[in-house]
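Student: Just passing along the structure, written as structure tokens.
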Amino acid sequence: YGEWLAKWWNWTVSIPAEQHPRDDYTPEKCQINQEGPVWFLADQLGGREERTCIIPAGKSVFIPLLVGECEFSTPSAGNEYGVIEATVDGVKLKNLEQYRTQSGFFNITIAQGNIYETPPGTFRGFADGFFVFLEPLPPGEHRVDLKVSVLNPIDPSYNYNADWTYHLIIEPSV
């Protein structure tokens with residue numbers, strides 16, 4: 001799972017801010033830079049939002065709940081003190097806090113004009129976090145509800161609440 005966490009980070013930092021699906025979400029942005037057996041979805045850093053995403057059948061789905069990454073260009077922290085929840089099609093996913101994953105060191109290539117406003121380049125990175133990793137869903141409509149609340153008593157700059165829903169439309173294979 002740590003390798004997929006690293007791949008998600010490379011995916012998210014490869015997208016220029018104006019096209020990134022995290023902010024100003026549109027269903028078209030969900031399609032950006034998707035390739036391979038896993039479909040990456042964007043995180044959400046505050047407020048309540050509903051998102052719709054069309055995904056081809058046969059793709060696993062990787063959804064970050066509470067993730068952090070650090071690399072040479074900028075240190076990062078903040079995964080402590082979080083409360084996370086997720087449901088898939090109305091079924092609550094249990095014991096999510098037991099699935100904290102770390103990537104090990106990896107090369108992260110950050111695009112110019114990225115959403116994190118960090119310097120571009122290739123750096124050694126390390127990622128840590130909690131996520132939902134779904135096996136391929138059957139064709140049709142699915143609902144994934146996610147909630148994150150961080151109340152960090154040491155560094156309040158990390159505090160936020162996010163509550164978002166992904167309406168996933170899995171298209172049948174042709």
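The values are calculated or read from the model by the stated rules, or taken from the named source; none is laboratory data. These numbers come from a predicted model, not from an experiment. Heads up, the Cβs are rebuilt from the backbone with ideal geometry, glycines too, and the neighbour counts pull from every protein chain shown. Please note that ligands, DNA and RNA were not included when accessible areas were found on the heavy atoms of the full protein model with its side chains. Shrake-Rupley method; radii C 1.70, N 1.55, O 1.52, S 1.80 Å.
Student: Name the long-range amide H neighbours of residue 54: under 5 Å, sequence gap of 5 or more, or other chain; modelled H, no Pro or chain starts.
Tutor: Excluding prolines and chain starts, which carry no amide H, the hits are 169.
Student: A follow-up question, please. Search the structure for amide H atoms under 5 Å from the amide H of residue 32, placed 1.01 Å from N in the peptide plane, and list their residues when 5 or more places away or on another chain.
Tutor: none
Student: Another question about this same structure. Per-residue counts of other Cβ atoms within 10 Å, averaged by peptide: what ranking do you get for 57-69, 83-95, highest first?
Tutor: On the way: 57-69: 20.1, 83-95: 13.1.
Highest to lowest by the protection proxy: 57-69, 83-95.
Student: Give the relative contact order (percent, whole number) for segment 91-152; include only Cα pairs under 8 Å separated by 6+ residues. Could the numbers behind the result be given before it?
Tutor: On the way: 51 pairs, mean separation 19.1, N = 62.
This gives 31 percent for segment 91-152.
Student: May I ask you to rank 143, 22 by accessible area, largest first, using a 1.4 Å probe over the protein chains only? Kindly include the intermediate steps, with their values, before the conclusion.
Tutor: On the way: 143 95, 22 30 Å².
Final ranking, largest accessible area leading: 143, 22.
Student: Additional query: Please report the antiparallel percentage of the DSSP beta bridges confined to the chain, to the nearest 5.
Tutor: On the way: 40 of 53 bridges.
In the chain, DSSP labels about 75 percent of beta bridges as antiparallel.
Student: To the nearest 10 Å², what's residue 100's accessible area with a 1.4 Å probe?
Tutor: Estimated to the nearest 10 Å², residue 100 gives 90 Å².
Student: Let me check against my output: what whole-number percent is the relative contact order of segment 20-144, with C-alpha pairs under 8 Å and at least 6 apart?
Tutor: Numbers: 200 pairs, mean separation 35.9, N = 125.
Relative contact order, segment 20-144: 29 percent.
Student: Right, next: Give a residue-ordered list of calculated ³J(HN,Hα) values for segment 87-97 (Karplus: 6.51 cos²θ - 1.76 cosθ + 1.60, θ = phi - 60°; whole Hz; x for Gly, Pro).
Tutor: Once θ is set to phi - 60°, the couplings for segment 87-97 become 10, 10, 6, x, 9, 6, 7, 9, 6, 4, 5 Hz.
Student: Would you list 106, 133 from the most to the least accessible area, probe 1.4 Å?
Tutor: Details: 106 20, 133 60 Å².
These residues rank, largest area first, as 133, 106.
Student: Continuing with this model, one more query. Quick check: Cα centre of segment 19-43 to Cα centre of segment 78-116, how many Å?
Tutor: Going from one Cα centre to the other spans 16 Å.
Student: Per residue of segment 102-110, what does 6.51 cos²θ - 1.76 cosθ + 1.60 with θ = phi - 60° give for ³J(HN,Hα)? Whole Hz please, x for Gly and Pro, Karplus curve as stated.
Tutor: Result, ordered by residue: 10, 7, x, 6, 8, 7, 10, 10, 9 Hz.
Student: Can you give the accessible area of residue 126 in Å² (nearest 10), computed on protein heavy atoms with a 1.4 Å probe?
Tutor: 50 Å²
Student: Given a Förster distance of 22 angstrom, what is the FRET efficiency for residue 18 paired with residue 124, based on the Cβ-Cβ distance and rounded to 0.05? Please list the in-between numbers first.
Tutor: Numbers: r = 28 Å, r/R0 = 1.25.
It comes out at approximately 0.20.
Student: Pulled fully out, how much extra length does the chain show between residue 109 and residue 169, if you take 0.36 nm times their separation in residues and subtract their Cα-Cα distance?
Tutor: Working it through step by step, the gained length comes to 18.6 nm.
Student: Related question: In the chain, which cysteines lack any other cysteine Cβ under 4.7 Å from their own?
Tutor: 70
Student: Here is a follow-up. With θ taken as phi - 60° and the coefficients 6.51, -1.76 and 1.60, list the Karplus ³J(HN,Hα) couplings across segment 164-173 in order, rounded to whole Hz; mark glycine and proline as x.
Tutor: 9, 10, 9, 9, 9, 10, 8, 7, x, 5
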